Structure formats: C-alpha cells, structure tokens
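Note sheet for the following structure.
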Amino acid sequence: MAIPTDPLLVAASEAGEDVPPGVEELEVGGRGRLVLRRFLRRRLAVVGLVVLVVLFAFAFVGPFLSPWDHTSKDFAAFLEPPSSRHWFGTTQIGQDVYAQTLRGLQKSLVIGLLTAFVSTGIAAVVGACAGYFGGWPDRVLMWVVDLLLVLPAFLVIAVLSPTFRGRSWLLFVVLLAGFSWMITARVVRGLALGLREREFVQAARFMGVPSMVIVFRHLLPNMASILIIDATLNVGGAILAETGLSYFGFGVQPPDVSLGTLIANGTRSALTFPWLFLFSGGLLVLTVLAVSFVGDGLRDALDPNAAAARAR
Amino acid sequence: MTAGAGATAREPTTTDAAGPVLQVADLAVSFSTERGLLRAVRGMSYEVRSGEVLGIVGESGCGKSVSALAVMGLLPTSARVSGSVRFRDRELLGLDDPQLSAIRGKGISMVFQDPLSAFTPVYTVGAQIAEAVRVHTETSRDQAARRAAELLDLVGIPDATRRARAFPHEFSGGMRQRAMIAMAIANDPEVIIADEPTTALDVTIQAQVLDVLRTAQQATGAAIVMITHDLGVMAGVADRLIVMYAGRPAEVGSVDQVFHAPRMPYTLGLLGSLPRLDAAAGQPLTPVEGAPPSLVALPPGCPFAPRCPLQVGVCVEVEPGLDPTSASDHLAACHRSDEIEAGALGPADVFPVPPPVEPPIAAIPREERPVVLEVRELVKSFPLTRGALLRRRVGTIHALDGVSFDLREGETLALVGESGSGKTTTVNEILALAAPMAGSVVVLGRETSTLETSTRKETRRDLGMVFQDPSASLDPRMPVGDILAEGLRAHGVAKGQRRRRVGELLGLVGLDAGHVSRYPHEFSGGQQQRIAIARALALDPKVIVLDEPVSALDVSIRAGVVNLLQRLKAELGLAYLFVGHDLSLVRHVADRVAVMHLGRIVEIGAVERVFGDAAHPYTRALLSAVPLPDPRRERVRRRIVLEGELPSPLDPPSGCRFRTRCPLFVAVEPERRQRCVDEDPMGRPQGEDHLAACHHAELRNRG
Ligand code: SF4
Ligand code: SF4
C-alpha cells in the first residue's frame, strides 16, 4: 500500500518553484527503465534472451570458424558422422552439415523474426484503427481481412513464387506476413472497441490528443501482452510456414538453405543418420523456446498489473 | 408498500425473551497471499435478535463483507476461519456444505449488492423464487408459483403475477433488488444478511428498497444484518451499529450512541467527513488523511494510529481493546475514548479543519461575472433500431430535450438527477465540442457548431474533465508523469516546460513530485483521483467538468478530495460543472443546482433556494429521499416516496413528463390535473435565480 502523503496542506505556491528531483528522468528513462528492471527479475526470460543472443551470434559468427561454407562439397566424405574435420558430419553429397545448419539458422531466424514482427505490426495497426475509428474505415479494413482469410494462402504463395524466383528473400517475408495477420487483427479490433470506450481514452480525446496518437499511445500499449504473445507464437509459426513452403520448393531456394529445408531433407534418414536432422531440429526447438521465454518475460515487464510483476 | 407519504418512525420490535438468533464471537478470517498472511477480519463479535437491525459500516477492504460471507460459509476454501458463529444453538463454523445449505435460505438468507448476478439469466424471476421455496419446503409447483407472486407483490412489484414471468434482464435495477429481497424472504428466514443492498441505486430507489426491506422484516420478524459503506443510510435503518476499521470493530453501540456520542476518532472522522443536507454550504469537511493500512503487515498498536490526530505514544505500541465506555453497551477500541467522552469532542475538535476558502471572485455579484459556458435548448436523441440484418428504426430516445443553463466564472453548477435523466449525455455533448442536433453550446464565447479544427483544439484547453472512477480514467500503462504531460504535449508545450508543469501540478494536488515515474496502480484511490484532477488542470482550463468525482472513493477519503476541489476553485478561479447524484455533497459544493428529469431541467437555481425551498415536486421527492446522518431527525422525518421508476424516454408521458410519478398531481384538484396532462410546463420563476417547470409549484406543500 502506498504511503499516504500529506494531501491537503501543501501550499500550492511552494511546489512550483523549481523542478523537483525525479522529474528529470521522466520522459527519457522512466518507463523503459522500469520495464527493464521488471524484465531482469524474470530468470527464465533472461536465460531465453541470452540463448537467443548466443544463437544469433553463433549463426552469424559460426561460419567463419570452419573452412567449409554451405555450398562447398567435400568429395572425400559422403555421409560421414561428426568428426574433427566436419563437426556436424556431412550429407549424401559431401556438404558440411555444420556450415549448412548455421546458414539455415541464419535464414530461419531472420525470416521468422521479421515475419512475426511485420505480421503483428500490421495486425496491431489495422485492428486498432478499425476498432478505434469505426464507421467506414472499419468496414473497409474488415472487408480486406475477410477477403484475405478466404484466399488459400499456401496456394497463392506457391503460385506467386515463380515470379519472385531469384529475387530477394525479403519478398518471401512480406508474402508470409501478408497472409498471417488477419486473425490477430480481428482480436485486436475487438480489444480496441472495448478500449475506445474506456475513460482514459476519452480523457485523451477531450484533451485534444490526435486520434492516431491515441491509437499508438493508449490503445496499443494496453494490448501489449496480447501483441507480444502473438508475435512470439508467430515466430514459431513463421518458421514452420517457411519450412513447409521450402519443403515443396516454394520458399528458400537451393543452393540457399534454411532450417526448414534442412529438416525436410533430414527427416527421411533421422534414425539412420541422425546428424542430418538432430542439429537443425534441436536448434529450431531451442530458438522457439527461447523466443517464448522472452515473450513471457516481456509481457510481465510491460504489464504492471500482472501478478508476478507485482510480487517483488 | 405504503402509498405516497409515510412516516419513517420505527419502533424497535426487539423481543429480548427469545435471545439472540445469530451470535458471532471472536470471528477471524485470514487468507495467505504472496506477500504474507492477509488478516481480513479479527476479533469480530456481535449478536442480533429477532426484529433487530444490526448495521456494519466500514470502508472497502475493512472486512465487513468477508465477515458476512464467513457467517454464510461462502468463503473460498483458501480462507482460514476461526472463532464461533452460532445460529440459534447450532455452531455453523465447521459444518460441511450440505449441512450449511439446509440453513442458508431457510435460516439465514442473503441479499447481495448486485442482484443481476444473483439471478440466473435463463430462468424467469418467478421460477427462480419458486425454486427457492421448493428447495426448503414440500410444495407443489403451482403453490410455489403462487407464493412467488405473493412475495413479489409484498416487495411492491406491481402486477406481480405477470411480472413473475419476466426474465431478470427485463427488470430495472430497483425491481431486481426487490425481487432479490423477495427471494431472500421466501422461506421466512430468521436472519437476513444484506450486503450493500442499495449501493448501486438512485436515492429515490434506495429509499424504496429500504422501505421494502423494512416491510420484509415486519412480515417475517427476521433479524437483519445490514452491511454498507454509507453511514448516512444507517441512521434511519439500524438499531445497533458496528463501525469496522482494518478488519476489526472500532466502535459498537446503538445508532444514537454512535452518531451522537462517538468515542473513537475514526468514527468521528467518518461523521465529520459526511456532507450533510441540513448543513450550511461552504464549510470544509473534516478530512481523515491517509489511507487504511495494508491488512498484510499490520503494525502493532492501533491500526488507525497513522491517521489519528489524537495518537499518543501508547497507541503505536499497544493495540487498544474493544472496551466498554461509560455506557456498558457502547464499546470503543481507543486508548483515549475516556478523554473524548470527558471533553465531549466532536469531529471538528479532533481533526484539523482547513479554513473555509472564499474565492476572491465571489465578491463580484454573479450577473457581472463573465459566462464561461452557455448551453441553450440542447437536444439529443438516439435512434432505437431493431433487427440484426436489416436495421429498422423503431423509435427515438429523447435523451435531451431542450436543456439550457449557463455557468459563470468562479461558480459551481451541479447537475443532479437519477440515472437516465440525461446528466451524462449533457456532459458528453458539451465535451464533444461538435455541433449539437439542435440548440447551442457556447464555451467562453465560442459557439461549438462554428468551430474550425484548430479553434476546437484551442477550446479544449479551456475545458478540463475529471471522471468518476480514477482507476479507469488513468491509463494503467503510463507513468504518472506522462499522464500529466499528455495534454501539454498535445498542445505543443516544450519539453522543459512540460517537466516543470508536471512538478507544479503534483504539488498543486498535494502529491509528492518524486512520484512521476510511478504507475497509477501504485497509488491509493484518493491519490489516483488527485492525479486525475491534476491532469484536468494541466492546460489551465477555465471550466472543469466533474463527473461524480468522489463517488468511487471511500468515505473517509472523499472529504479530502472535495476540500481540494474547493481550494483549487478558489485559488485558480475555476468554474465547475459538477455532475452528481449525492445531493448532500451537491449541497456542500455547489453554488447553483439544476435538477434533471427525463432529459429536461425541471428546476434550476441557487443552491439555497432549490434545497431550502424546492418548488418542483420531483426535487422535493429527491431531497426527502436523502438519508440524514442523524438518527433522531431521521426518525421524525416525513418521506415522500415516489411511486415507480423513471418512465421510458422512448415514450415520455404527454404534458408534464413527471406526472406519472408526481405526488402533487395526485394531490391537486382534477381540473388542475388536466393542465398537467395537456400542457408541457415551462420553467417559471420562483423567486430570485430560481426556475421550476411545474404548473402548480405554488401548491407544492400539498404534495
Ligand atoms: S488508540 Fe490512539 S491512535 Fe488509536 S484511535 Fe485511539 S487515540 Fe487514535
Ligand atoms: S406540472 Fe403537474 S404533474 Fe408536473 S410536476 Fe407539476 S404538478 Fe406534477
């Protein structure tokens, strides 16, 4: 319980003389620092974050530690188990699994995170605007959502992918994200409809705060937990979607690789030649777990009303 | 229910011979929480006899409801309960659920605050009451249904047989509460526990429900344990009173003892912080500073010590026992109750009362002050549509129908009326700063219908707003500093100035400027409302709209916030548009009052005029429904009980909209009545600065 301050007899004139201590840090670090402090209190989240950072570092620095890269072939070693020469073993045609796995990890991490980020971002903005403004913007946006929902995403991407062949994988991210935001957008719209009537939103409106600012400053932060959970789930989902598409040859194109293509190739011989599958599969599980721990921690840190955050 | 006017005098019908029906001794309830053991109730003892009304008052979290739930055996299993609860000769604590169920409803029944949650939405009200009858007695379906209709009739539901077939959502709040009481008395219980039975209701409905409760008690001879936070209600209802603080009784005695000779500083504080209808305006209320202690880590010594002006050394070391004062049936938990008694101390002697503040502008006569807000013939209606697929317009709700008033610099105008009278709609229409459907709103000389986008934003600076519930009106995700700075930022105030202003604002409302980086939930309710007030002040507005600014707060906190508002008004020369339903408070804060009924202002004028000599029968009924925190006067008061509830705004009665409930309409000669039916009354002057919309206002004393 907060300690009561003397509420009444404070002379109003005295208080305004100079900027009191504490006001300094206000808009700069106030909120961010609090969130950080709460986040750091969550052990698992910190572990998740560390794992994630290590994975990133590993994915981008790791390849330089080995003489092989993901395209080179060693014709002296087909289907070798892990050894000092090939740390993760080799494939049927002599490719180095270590180099391939790291390359795949790179791609998958980047595609997964970007897709999740973009998709949740679209969902948040579209849903919140539709819910907040209502009227015709709402009808138009929800019409788009319905339209995209009835389109078979997998087919559309498969049909479109030949046109993009040879272009940047970024387009692939855009496509993946473009087809995965709709459900979240509807949930967000529902939340926005509720928040729009809340008194703190009305208070902001009556103070003359512009509508878009209200959407970004009041609506979205108050949905932070659902957005973060959604983004977290999307990382896993995006990596899986990418796997599926890559498996059928619509996603990441050879000679480039992703965890998806590697797992797809490795599953057939998972029991006989486990090194083909274990490393890529293990890293996938590790990545998704780490991201979800971070998501949990962030939610507790951002949501001051969460029970765990309150118990200091 | 007695029709029309009825005296509220009530003889205690105590039958001592029978002995107490319910005896609670040394009841203690605790919960284990993450932060430690929460001791919700400690040392609670009382007994009630048949026909007696025992009141338990206290602020939220003081353990009053928990103790009632413990008696009923309705607490979650995580609660640890000790002590003794005896019903007749049976110990209830330790009984298992089937055994308790046999007693619940038949021996002891309960009336809850929210009747909607007590009824199942999918069955009719009648069926549910009949079900309650059949659970405990062998009756046929028909008999039970007939009994249900009888009971509904008893609690004053018109056309009971037909209404019994209605579903809970088809009942209004007041009717539901009556139905709930009908259900509670279905099996002639010996004890009725009523937990905040009137809290969510309008005053006129509250008066009706209290009447019904009394009727129900007379019909069953039951003992009533009534729990509420509203000390005022108790004066006219209870025989004995327990004032609770921090989980334990702080003072116990008869109503007269507690109200007229309180012996415990907390009770004194509560009494002093109540605004009274019969007190002169402008007197500051005695505030009880601070907030109740956390029940998790109770300090040793008196729990009230941190807030008590009489605190001495021994208070923080030894917790005072609940000991008899000079009267053996009047107990108080205070080391210094003897001194309070010896000195006959009143609230104002114990608590420091801030000096009354007189705004400098009050010296200027009202007519010479500039008008800051002018509302003329404001109209607002909502279309009522039916059908999900094809929306058909089936009617129009006339929410506002020609509302006019003006607000001048430095004054407070209160809008009062029951829910549904259009108070909130009026406020929203003003704050929207858009062109109204008809009529006009002029803010500081600027007509809202002609505003450009930029001038509209400029006008927003002059209009502040404080909402009812601070926990809902402050964004939980923003630190206080950002909340206060938001308006400044929207109006392009530079960063450095913003910081300075935020510090200034916090000081202005009596909060520590070091609190800028805290989140709203880290503050108590009273402090949150101070933050909301500071936010409203940020842009130096001329007018502040206060929408029930203290009704979500605990009683002892209210006085502090009210005094703050008064002080700010005087210092900053503000004008307040105060929306409220608590007439005692309105009497205390307002300079002028507008009484609203069904989208109209039926009476408007200076507060002394309207409250002192109300001209409209509706105002008179409202005023007479307000409980006085004074048991002696309550007993001799005549109360005008309004029949029925607000008619539907969809189809208001012809002529005078109040005529279906008007006691004066009934009292006057038939030829005069015709005028009420045919002609819509306009506001007519009733003296200086006083208008009332009633054809027969001069005959008001007949009503
Ligand atoms: S015991 Fe002391 S602190 Fe407690 S109410 Fe009495 S005087 Fe105040
Ligand atoms: S005009 Fe007639 S019905 Fe209306 S308030 Fe006056 S007496 Fe009552």
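Just a few scattered comments:
- Among the listed pairs B:Lys380/B:Lys495; B:Lys64/B:Lys380; B:Lys64/B:Lys423; B:Lys423/B:Lys495; B:Lys457/B:Lys569; B:Lys64/B:Lys569, those whose Cα-Cα separation exceeds 31 Å are B:Lys380/B:Lys495; B:Lys64/B:Lys380; B:Lys64/B:Lys423; B:Lys423/B:Lys495; B:Lys64/B:Lys569.
- Helix-only CD estimate at 222 nm, as mean residue ellipticity for chain B, using -39500 (n - 2.57) per DSSP H run (n ≥ 4): -9500 deg cm²/dmol
- Surface per residue (accessible, 1.4 Å probe) for the range B:22-66, Å²: 35 Å²
- Nearest-10 value in Å² for the accessible area of A:Lys73, using the 1.4 Å probe: 90 Å²
- The equivalent ellipsoid of the range A:186-289 has semi-axes of 45, 13, 10 Å, largest first, where each one is the square root of 5 times an eigenvalue of the Cα gyration tensor.
- Rg over Rh for the range B:612-702 works out to 1.00, both radii taken from alpha-carbon positions and Rh defined as the Kirkwood radius.
- Association of chains A and B removes close to 4900 square angstrom of accessible area from solvent, both sides included, for a probe radius of 1.4 Å.
- Calculated log₁₀ intensity ratio I(q)/I(0) where the Debye formula runs over C-alpha points of the range B:173-313, q = 0.09 Å⁻¹: -0.35
- Kirkwood Rh, Cα atoms: Rg over Rh of the range B:362-573: 1.00
- Heavy-atom accessible area, 1.4 Å probe, ligands and nucleic acids excluded: residues of the range B:467-485 down by at least 50 Å² from chain alone: B:Phe467, B:Ala472, B:Asp475, B:Pro476, B:Arg477
- Averaged over residues, the count of other Cβ atoms within 10 Å places the peptides A:132-141, A:178-187 in the sequence A:178-187, A:132-141, highest first.
- Bridgeable lysines around A:Lys73 (alpha carbons under 21 Å apart, same-chain partners fewer than 8 residues away excluded): A:Lys107.
- Kirkwood Rh in Å, taken over the protein assembly as shown so that all alpha-carbon pairs contribute: 32.8 Å
- Stokes-Einstein, applied to the Kirkwood radius of the range B:16-257 over Cα pairs at a viscosity of 0.890 mPa s and 25 °C, places its translational diffusion at 134 µm² s⁻¹.
- Here the ratio of the Cα radius of gyration of the range A:33-309 to 2.2 N^0.38 Å is 1.17.
- Accessible carbon and sulfur surface of the protein assembly as shown relative to its total accessible area, %, 1.4 Å: 58 percent
- Tail beyond 49 Å, pair distance distribution of chain B (Cα, percent): 17 percent
- Applying a DSSP loop filter and a limit of 12 other Cβ atoms within 10 Å to the trypsin sites (Lys or Arg not before Pro) in the range B:535-619 leaves nothing.
The values are calculated or read from the model by the stated rules, or taken from the named source; none is laboratory data. The structure displayed is predicted, hence computed values, not measured ones. Because the Cβ atoms are built from the backbone with ideal geometry, glycine has one as well, and the counts that use them run over all protein chains shown. With ligands, DNA and RNA removed, areas are computed over all heavy atoms of the protein, side chains included. Shrake-Rupley method; radii C 1.70, N 1.55, O 1.52, S 1.80 Å.
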